[in-house]
Structures are given as structure tokens and as C-alpha cells.
Amino acid sequence: MTRRVYLDHNASTPVHPEVLAEMLPYFGEVYGNPSSIHAFGREAREGVDQARERVARFLNVSSQEIVFTSGGTESDNFAAKGLALARGQGHLITSQIEHHAVLRACKALEAQGFALTCVGVDEFGTVDPDDVRRAIRPDTVAISIMHANSEVGTIQPIGAIGRIAREHGIPFHVDAVQTFGKLPLDVEALGIDALSFSAHKIYGPKGVAGLFIRKGTKMVAVQHGGEHERRRRAGTENVAGIVGLGKAVELRAREMGSEGARIAVLRDRLWDGIRARVPEVRLSGHPVERLPGTASLLFRHVESESIVLGLDLKGVGVSAGSACTSGNVEPSHVLVAMGVPLDWSMGAVRCSLGRSTSAEDIDYLVECVEPLVRKLRQAMPVGAA
Ligand SMILES: Cc1ncc(COP(=O)(O)O)c(C=O)c1O
């Protein structure tokens, strides 16, 4: 049987067995609607309440400041649109390397009449807080900058940007989908007013997530209906999913410190192994301010998708940083914003490690990459991009 090595944890993670165990009763015996006042409903409500408490404790905020949603994408849309529409009109600031959930939500608001500034990044994918300061206008109504980039792993100077937002009294949203449960997050010290997080990046289930909204932050609902989530997000709660999210968060509080350090060592082993054996390869993203488990590699003169498919045949799951559409290589918006030349960005491959990744997995990846890249380069005329 082919060995299977999963190195795509930034895309999604396996559900932790303890998370699954805690969710299972909510698919069986606990089936009431948490809005119902009878015992069946109250049992489900207890599960939701406990999860909310766990998330709030983890972030050191009040449970009333947590709203559950259907995913990081919804949390990001809710934050951008909820903050902007609460003010009716004005100017928004975000960055060019945001996840599409933020970027396209902001573009949709722009189409509705809001002004939008997308600040750029340097070669490492870092936003300069001074660029954010310079972008501020008297009518700026919200700033949204991600904590860490999912593709290249660069961690943004969120504290400095939060201070600038506070000085100007502008609400500050942070997409922390890639850092929540991986890095320490102090929303108070960092000056964050709204924070998106998602369960499936931290060994919880897919399709459930949350948004921290600081008490007193002016925000409107974007999904209308019943009175759920204190009228901020209508719809019967995904009880089992929310219970899973709560358990996943509790486990992260215990595991994230030691795991981050272990994974960073493996990530460095990966990079050292690749660069020792493969010529013309670079690491993208910030060399130090980077997610512990993310190694984003640029293989010059090779197509990302060919590497991903070649590794797939060897049982290894990684992801491509560039896509091949109608015969043309299209690098991701993140690599374009970082100014990575096409002959390098065409071969962007992201490896993201997780709690089950072992040194043997990394060595196997390195072993597979070297002959694969050599073969692909031989098959591809140099300079073809
Ligand atoms: C930074 C970031 N924001 C938002 C999302 C969207 O989260 P979800 O998959 O839960 O919708 C992702 C998912 O990859 C992400 O990495």
C-alpha cells in the first residue's frame, strides 16, 4: 500500500478523536432545538453554552462577545459587511493578501459604494503598519488585516496595526483563521475589535466557526431571521459542530505550545532537506515571523500543479500556490502582491504540518520531491512559463 502523508493542514485538519467523541451524542440522543424551552431543547442549549464558554475563556473575553457561524468565510463576510453597513457609507482598509473571504467581501462593499484601499506588502508578505496609517481617511469605517497568511504563513504586525486603529477610533477586524489555536492571541493587548476563527483548522469539524465581536462595537447582522445568537446571526445553531468547536478549542489550549515548537523543528527539517537536494528552490514568506507549520516553497521553472499531482501519486498531500487555467499559469494573488517573478511563482507549493506529522513523513516528502522535480524540469523547456 502507498504510504499516505498529509501535509495540507492549512487547508483542513482531521477531527481529533476526543472532539468526535464529544460531538456524537448530538447526532443521536441530544436532538432538541436549542431555542426550545423544554428539556430536549435545554440539553442542546447546554452544549452550545458550554462551547461558548470554552471559546470565551480561551480568548479571555466574555461569552456574550462570541457569535457562532457556518465557517471562517461567513465570519469574515459578517465582520466586513457588519462593520461597514453599520456605518452606511465610508472607506475600508484591507490588504492585498487577505483570504478571498475578506477581499471579495470588501470588493462587494466597494461595488455598493464604499471606498476601498488594499494596502500592499513587501517581498516577505508583510503589511507595513505605516501604510495602514497613511491609508486612513476621516471617513474610514473599518480596518481588516489577517493575522497570518494561509499560503505563505507570514505573521502580520497585528499589535502595531491595532494601536493605529485604536488611536483613530476605527474598528479593527482580524482574520485569525490560521492562527487561532496555534499562536497566543490576546485581543485586548492587540487592540482587536472583531476576530474570525474556524473549527476545521484546529482539529474540529468543518462548517462551523465563530466571530469575536468586542462589546460596544457597532455592527449589524448580515443574516436575518430568528432571534438566535442574541440577534446577531439568525439560524438554528449547528449544535454538534459548535460542541466540536468548543472541545477543539479546549484541546488547543492544552496542546498548542508544545506542538508549535515540535512542528517548527520539522518544518525546518523539511526546508533543510529540500534545499540540500533540489537546486533553484526558495522559501517564500517571512523567514522568522511565520506560522510554525507552514513551509511555502518556490520551485523555479516547474508548474505547481505538476508537483502536487506527482506527489499525490506517491500518497503525499500538499497544495499548489499557482493554478493552471486555460494553458496559462496563474500565480496566487498573494505571490503577485509579494512581487514574486512568474518563473518562481509558477512552482509554488505549500506544505503545512500538523499534530500527527512525523520526521519520517518529512523525510519521505523530501525523498519524493527530488526525483519528481528533476523529471519535471527535464520535461519542461527552461524559461517556459
Ligand atoms: C485566512 C483564512 N481565512 C478564512 C478562511 C475560510 O475559512 P473556512 O474554510 O472555515 O470558510 C480560510 C480557509 O482556508 C483561511 O485560511
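The values are calculated or read from the model by the stated rules, or taken from the named source; none is laboratory data. These figures come from a predicted structure and were not determined experimentally. Every residue, glycine among them, receives a Cβ derived from its backbone with ideal geometry; neighbour counts consider all protein chains shown. In case anyone asks, the SASA skips ligands and DNA or RNA and just uses the protein heavy atoms, side chains included. Shrake-Rupley method; radii C 1.70, N 1.55, O 1.52, S 1.80 Å.
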Inset, instruction - Identify the residue in the range 251-286 that is out of contact with any strand residue (DSSP E or B) (no Cβ under 8 Å at 6 or more places or on another chain) and of a type in the set (Val, Ile, Thr) and, among all such residues, is least open to solvent (accessible area, probe 1.4 Å). - result: Ile263
Legend entry - Single condition Ile213 does not satisfy, out of (1) away from the ligand (no atom under 16 Å from the Cβ); (2) surrounded by fewer than 20 Cβ atoms within 10 Å (Cβ to Cβ): (2)
Legend entry - Residues (farther than 20 Å from Ala101 by Cα and either within 16 Å of the ligand (Cβ to nearest atom) or assigned to a loop (DSSP other than H, G, I, E, B) (or both)) located in the range 162-180: His168, Gly169, Ile170
Legend entry - Condition met for Glu289 (in contact (Cβ under 8 Å) with a residue 40 or more places away in the chain and open to solvent by 20 Å² or more (accessible area, probe 1.4 Å)): yes
Legend entry - Unique match (being buried (at least 22 other Cβ atoms within 10 Å of the Cβ) and assigned to a strand (DSSP E or B)) among Ile93, Ile97: Ile93
Inset, instruction - List the helices (runs of 4 or more DSSP H) that sit entirely inside the range 209-320 and contain at least 1 residues that are closer than 22 Å to Thr179 by Cα. - result: 239-277
Inset, instruction - For Val239, work out the one condition from (1) within 16 Å of the ligand (Cβ to nearest atom); (2) closer than 30 Å to Gly354 by Cα; (3) more than 20 Å from the chain's Cα centre (by Cα) it doesn't fulfil. - result: (1)
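Residues checked against (1) under 24 Å from Val177 (Cα atoms); (2) away from the ligand (no atom under 16 Å from the Cβ); (3) in the same structural domain as Arg133 (by TED's automatic domain parsing):
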| site | (1), (2), (3) |
| --- | --- |
| Pro25 | no, yes, yes |
| Glu29 | no, yes, yes |
| Ser36 | no, yes, yes |
| Glu65 | yes, yes, yes |
| Gly72 | yes, no, yes |
| Asp76 | yes, no, yes |
| Thr94 | yes, no, yes |
| His100 | yes, no, yes |
| Leu103 | yes, no, yes |
Inset, instruction - Considering only residues that are in a loop (DSSP other than H, G, I, E, B) and within 13 Å of the ligand (Cβ to nearest atom), look in the range 194-208 and name the one that is nearest to Ile161 (Cα to Cα). - result: Ile202
Legend entry - the range 73-86: number of residues that are open to solvent by 10 Å² or more (accessible area, probe 1.4 Å) and either farther than 11 Å from Leu109 by Cβ or outside any helix (DSSP H, G or I) (or both): 3
